[in-house]
């Protein structure tokens, strides 16, 4: 696990542990928890407390076919995902980096070129909760054009680092932004930066170049 400087808030971790986050946002939090000992311990405590509460809850009669229905749902692949795509592994990362285990159930597309030193990969989860999940791989000195948000944006840094005018975020760091945040993430000089990001709503780019880039990546 990586030592981190920026973590999800306690309230956000509580929402994650309680299963109240949309799947796309929950995935980014899960990747952070996987790589952060402090947050993993806190989520473990929250889940244990939730389990104790469930143990004290009076039992409720279930439908006779509830178990069969649940098992059938678990065994069935998502209806909108071709079998070949489900077997496709994630694209390569920089040498020495490994994919988070939390991504194992997702469909991760190959890297797509969207500009010099800039690549993008769409991540698809079973079902559609209106959250866009993607990976960005940017070379040192590259940047995501200045933008604002119409909804929440969660970012987990897998490797490298960036600075967006508010703070520097390195490998293992988590950033949660939303409406009112206006920033320009710039990759620092310590090598490529790969981030997993989930966007609820759309990114609102300031420049024509940003809007073109956003359209190429399906973000605006």
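The values are calculated or read from the model by the stated rules, or taken from the named source; none is laboratory data. Keep in mind it's a predicted model, so treat the numbers as computed, not measured. Neighbour counts are summed over all protein chains in view; Cβ atoms, including those assigned to glycine, are modelled from backbone coordinates with ideal geometry.
Sort out which residues of region 97-110 are surrounded by fewer than 16 Cβ atoms within 10 Å (Cβ to Cβ), assigned to a loop (DSSP other than H, G, I, E, B) and either modelled with pLDDT under 90 or touching a helix residue (DSSP H, G or I) at 6+ places or on another chain (Cβ under 8 Å) (or both), and write them in order of number.
From region 97-110, those surrounded by fewer than 16 Cβ atoms within 10 Å (Cβ to Cβ) are 97-98, 101, 104-105, 110; that's our starting set.
Okay, now just the ones that are also assigned to a loop (DSSP other than H, G, I, E, B), so 97-98, 104-105, 110.
Answer for region 97-110, where residues must be surrounded by fewer than 16 Cβ atoms within 10 Å (Cβ to Cβ), assigned to a loop (DSSP other than H, G, I, E, B) and either modelled with pLDDT under 90 or touching a helix residue (DSSP H, G or I) at 6+ places or on another chain (Cβ under 8 Å) (or both): 97, 98, 104, 105.
Please give the number of the condition residue 50 fails out of (1) surrounded by 10 or more Cβ atoms within 10 Å (Cβ to Cβ); (2) assigned to a loop (DSSP other than H, G, I, E, B); (3) modelled with pLDDT under 70.
Condition not satisfied by residue 50: (2).
Does region 7-21 hold any residues that are touching a residue at least 24 places away in the same chain (Cβ under 8 Å) and surrounded by 18 or more Cβ atoms within 10 Å (Cβ to Cβ), and which are they?
7, 8, 12, 13, 16, 17
Give all pairs with beta carbons closer than 7 Å in which a residue from region 80-102 that is more than 17 Å from residue 191 (Cβ to Cβ) meets a residue that is in a loop (DSSP other than H, G, I, E, B) and modelled with pLDDT under 85; count only pairs at least 6 apart in sequence or on separate chains.
83/77; 86/77; 99/90
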